[in-house]
1. What distance in nm lies between label points placed 7 Å from Cα along the C-beta direction at Ile88 and Gln7?
2. Report the gain in length on full extension from Trp72 to Glu50: 0.36 nm times residue separation, minus Cα-Cα distance, nm rounded to one decimal.
3. Once you list every other residue whose beta carbon is under 12 Å from the beta carbon of Leu77, what net charge do they have if Lys and Arg are +1 and Asp and Glu are -1?
4. Among 73-81, 8-16, what's the highest-first ranking by average C-beta atoms within 10 angstrom per residue?
5. For labels at Arg15 and Asn60 in the simple 7 Å Cα→Cβ model, what's the distance in nm?
Amino acid sequence: MDQLSRQVDRAANARIITADGATKTPIGKIDEFFFKVNSIVTSIKVLVMETTQYQALIDNDWLFKVNTTLDWNTQELQLTYQGQHIRIPAMCGHFKMPPREKLLIKLEKEKKKPT
């Protein structure tokens with residue numbers, strides 16, 4: 001919150017599951033937050049969370065708003081908004097998924113649990 005230099009507008013009734021699988025409860029919501037990436041400035045709604053891992057997590061609404069294309073080969077995001085076109089680095093990673101058989105076995109076991 002200290003980095004934002006402002007208070008939240010209201011409480012947030014949500015739970016967020018982060019990329020590392022942790023469940024977080026937001027501190028609150030800001031209805032109009034000006035978000036700048038290079039020369040592109042947009043107004044977005046944000047959920048505010050306490051974290052030391054990152055400054056912002058971008059959701060699909062913002063990605064659609066700035067007409068984002070991800071180039072997997074160069075690991076860049078291409079943004080187009082109100083006649084402006086920019087390219088910025090993207091963090092793309094490979095995440096190890098469990099083998100399909102193990103995942104299916106786990107799902108089968110979960111289905112058979114009594115309710």
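1. About 2.9 nm, to one decimal.
2. Working: separation 22, 0.36 × 22 = 7.92 nm, distance 2.99 nm.
Extra length available between Trp72 and Glu50 comes to 4.9 nm.
3. On the way: positive: Arg87; negative: Asp71, Glu76.
Charge balance in the 12 Å sphere: -1.
4. Numbers: 73-81: 14.8, 8-16: 12.4.
Packing order, densest peptide first, comes out as 73-81, 8-16.
5. Result: 2.1 nm between the two label points.
We did not get these values from a lab; they are worked out from the coordinates using the rules stated. Everything numeric here is computed off the predicted structure, so don't read it as measured data. Using ideal geometry, Cβ is built from the backbone for each residue, glycine included, and neighbour counts are taken over all protein chains shown.
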